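Worksheet: one structure, shown below.
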2 protein chains.
Amino acid sequence: MGLRERKKEQTRRSIEEAAFRLFEERGFHATTVADIADAADIAPRTFFAYFPSKEAVVFGDFDETFATLEARLRERPGGETTFEGLRAWIGELVDGDAHEPGDRDGLRRRLICDNDALAAHERHVMGRFERLIAESVAADLGDRPDDLQPRLVAAAAVAALMAMQPESPEGGKPTGAEGLARLDDAFAFLRGGIAALQERRAAAR
Amino acid sequence: MGLRERKKEQTRRSIEEAAFRLFEERGFHATTVADIADAADIAPRTFFAYFPSKEAVVFGDFDETFATLEARLRERPGGETTFEGLRAWIGELVDGDAHEPGDRDGLRRRLICDNDALAAHERHVMGRFERLIAESVAADLGDRPDDLQPRLVAAAAVAALMAMQPESPEGGKPTGAEGLARLDDAFAFLRGGIAALQERRAAAR
DNA sequence: CGGCAGAATTGCAATCAATGCAGAAATACA
DNA sequence: TGTATTTCTGCATTGATTGCAATTCTGCCG
């Protein structure tokens, strides 16, 4: 990787760090893009070369996560269901969870909780996961991604993901065991729902 | 109702009509709040006395709808599940669906489809329904609204609602019969999921 | 090394949403 | 009619976001 790319990465990280620090200190709304730019030693205009909006910084690492899931679902072993792949992926994710120093996840949740624009943006971002999952489910079933079953399963799956984190600001992602227990409860829901849909589908023939 | 209130209603409607008309003609992004104000014969500043944001106009009637569901869930007959109440409510909603001249639902969907900010806002709005449903489910089960099961059921229920409408712009809400068929498929999912969760809960004792 | 082509950064200006404030206008009510 | 509210406006300001054009940096070639 050339100097150019390295510098870009560095700048990007610098922006993210500055932003999160300021958000923590003053809150999301009270922090201006200009503030972030100052703190990150870049021109305000440059900020928008890295992030399309102030909200986007808060979800800066989601592109990667998204790509991870996409790869995991694409390279699924033979008989594995989207659903099983998803479960496995989350398991891995929760395990390797000692990343991001400074509890960025927790801060993010707190920020989202007291800012409507961020909450809306989060839901928007999760929509990408939903579509990805729907596509994968559709491929499994021979449906189209915008058919009912894939969409429902995807939506419920994302809801399960979200339900792993508390709605309220206190307490970040529950620790390993607890989180996985919640997850498996959620996936029991998903399994039951899928089974019911498939019965219905069979009956319709 | 006094003159004052009547006038306010009238102004509100005037703003909505102007807004939707302009949105249809030029698109959401290309229409400024000033444009809407001009078309509705009010000062730009006044717009924000009626709607908190440009996005909000597009969902201007959701407060009512929300109140309807809330009432329906609150005044549920004795043994009726939240889930059954919800199903019934939607049935009524789809029946009395000859409202809103000019296919406002369809236009709304089209607008949402080509504007990220609106899509995000829609999800935000649907979140209110989710919380409402979660509260009701929690009350049924003796859980708290932010416990796993209520949240999951609520999220899936809202997903079912959303799944009644196509993701793609073409074709608005499917016509009565078709829509209800989709709905019942979706609710089969929901029932199956709930059953699975409750089995799990029973097993855990 | 000198220098060019492409990429990244920056400054500037403009647009537009959103909000606080204070005065003007309208409505309610005694 | 006259006073208390409410609503509507105009004005000024802040901030996000974007287009454009000038400037600066990097990668690479001869």
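The values are calculated or read from the model by the stated rules, or taken from the named source; none is laboratory data. What you are looking at is a predicted structure, and each value in this text was computed from that prediction instead of being measured. Counting neighbours? That spans all protein chains shown, and the Cβs are built from the backbone with ideal geometry, glycine included.
For segment A:194-205, give me the residue count where each residue is farther than 20 Å from B:R151 by Cα, at the interface with chain B (Cβ under 8 Å from one of its Cβ atoms) and touching a residue at least 12 places away in the same chain (Cβ under 8 Å).
Matching residues across segment A:194-205 total 1.
Being loosely packed, with under 13 Cβ neighbours inside 10 Å, in a helix (DSSP H, G or I) and within 18 Å of the chain's Cα centre (by Cα), is that true of even one residue in segment B:12-32?
So far as segment B:12-32 goes, no, none of its residues is loosely packed, with under 13 Cβ neighbours inside 10 Å, in a helix (DSSP H, G or I) and within 18 Å of the chain's Cα centre (by Cα).
Can you tell me which residue is surrounded by the fewest Cβ atoms within 10 Å (Cβ to Cβ) among those in segment B:33-42 that are charged (D, E, K, R) and more than 9 Å from DNA strand C (Cβ to nearest atom)?
Once the filter is applied, the top-ranked residue is B:D41.
Scan segment A:26-45 and report the pairs whose first residue is more than 20 Å from A:L107 (Cα to Cα) and whose second residue is assigned to a loop (DSSP other than H, G, I, E, B) and within 8 Å of DNA strand D (Cβ to nearest atom), with Cβ atoms within less than 9 Å and a gap of 6+ or a chain change.
Cβ pairs passing all conditions: A:P44/A:T32.
Every residue in segment A:78-92 that is surrounded by 16 or more Cβ atoms within 10 Å (Cβ to Cβ) and farther than 19 Å from A:A138 by Cα, please.
A:I90
Assess whether B:E70 counts as being touching a helix residue (DSSP H, G or I) at 6+ places or on another chain (Cβ under 8 Å), of a type in the set (D, E, K, R) and away from DNA strand C (no atom under 16 Å from the Cβ). Don't jump to the end; show me each part of the working.
Values: touching a helix residue (DSSP H, G or I) at 6+ places or on another chain (Cβ under 8 Å): yes; of a type in the set (D, E, K, R): yes; away from DNA strand C (no atom under 16 Å from the Cβ): yes.
So B:E70 passes the test.
It is to be established whether one or more residues within segment A:64-84 are within 14 Å of chain B (Cβ to nearest Cβ), under 28 Å from B:A163 (Cβ atoms) and within 16 Å of DNA strand D (Cβ to nearest atom). Talk me through it step by step, then tell me what you get.
Step one: filter segment A:64-84 for residues within 14 Å of chain B (Cβ to nearest Cβ), giving A:83.
The next check asks that each one be under 28 Å from B:A163 (Cβ atoms); those that pass are A:83.
Now narrow it down to the ones that are within 16 Å of DNA strand D (Cβ to nearest atom): none.
There is no residue in segment A:64-84 that is within 14 Å of chain B (Cβ to nearest Cβ), under 28 Å from B:A163 (Cβ atoms) and within 16 Å of DNA strand D (Cβ to nearest atom).
If the requirement is being within 13 Å of the chain's Cα centre (by Cα), within 14 Å of chain B (Cβ to nearest Cβ) and assigned to a helix (DSSP H, G or I), which of these qualifies: A:E122, A:E135?
Details: A:E135 fails: within 13 Å of the chain's Cα centre (by Cα).
Going through A:E122, A:E135 in turn, just one is within 13 Å of the chain's Cα centre (by Cα), within 14 Å of chain B (Cβ to nearest Cβ) and assigned to a helix (DSSP H, G or I): A:E122.
Assess whether A:A56 counts as being surrounded by 14 or more Cβ atoms within 10 Å (Cβ to Cβ), more than 15 Å from DNA strand C (Cβ to nearest atom) and part of a helix (DSSP H, G or I).
Working: surrounded by 14 or more Cβ atoms within 10 Å (Cβ to Cβ): yes; more than 15 Å from DNA strand C (Cβ to nearest atom): yes; part of a helix (DSSP H, G or I): yes.
So A:A56 passes the test.
Would you check if there is a residue in segment B:88-98 being more than 16 Å from DNA strand C (Cβ to nearest atom), under 17 Å from B:R12 (Cβ atoms) and in a loop (DSSP other than H, G, I, E, B)? Can you show your working first?
Filtering segment B:88-98 down to residues more than 16 Å from DNA strand C (Cβ to nearest atom) leaves B:88-98.
Retained after the next criterion (residues that are under 17 Å from B:R12 (Cβ atoms)): none.
Within segment B:88-98, none of the residues are more than 16 Å from DNA strand C (Cβ to nearest atom), under 17 Å from B:R12 (Cβ atoms) and in a loop (DSSP other than H, G, I, E, B).
Report yes if some residue within segment A:35-58 is closer than 19 Å to A:C113 by Cβ, within 14 Å of chain B (Cβ to nearest Cβ) and more than 8 Å from DNA strand D (Cβ to nearest atom); otherwise report no.
yes
Quick one: count up the residues across segment B:170-193 that are touching a Gly at 6+ places or on another chain (Cβ under 9 Å), modelled with pLDDT under 90 and at the interface with chain A (Cβ under 10 Å from one of its Cβ atoms).
From segment B:170-193, those touching a Gly at 6+ places or on another chain (Cβ under 9 Å) are B:171-173, B:180, B:183, B:188-193; that's our starting set.
With modelled with pLDDT under 90 added as a condition, the list becomes B:171-173, B:180, B:183.
Remaining after also requiring at the interface with chain A (Cβ under 10 Å from one of its Cβ atoms): B:183.
Counting residues in segment B:170-193 that are touching a Gly at 6+ places or on another chain (Cβ under 9 Å), modelled with pLDDT under 90 and at the interface with chain A (Cβ under 10 Å from one of its Cβ atoms) gives 1.
Any idea which of A:R45, A:R6 is of a type in the set (D, E, K, R), within 12 Å of DNA strand C (Cβ to nearest atom), farther than 30 Å from A:R182 by Cα and modelled with pLDDT of 95 or more? First the steps, then the outcome.
Values: A:R6 fails: modelled with pLDDT of 95 or more.
Checking each option against the conditions leaves just A:R45.
Could you tell me whether any residue of segment A:70-78 is modelled with pLDDT of 95 or more, closer than 27 Å to A:K54 by Cβ and in a helix (DSSP H, G or I)?
The answer is yes; a qualifying residue exists.
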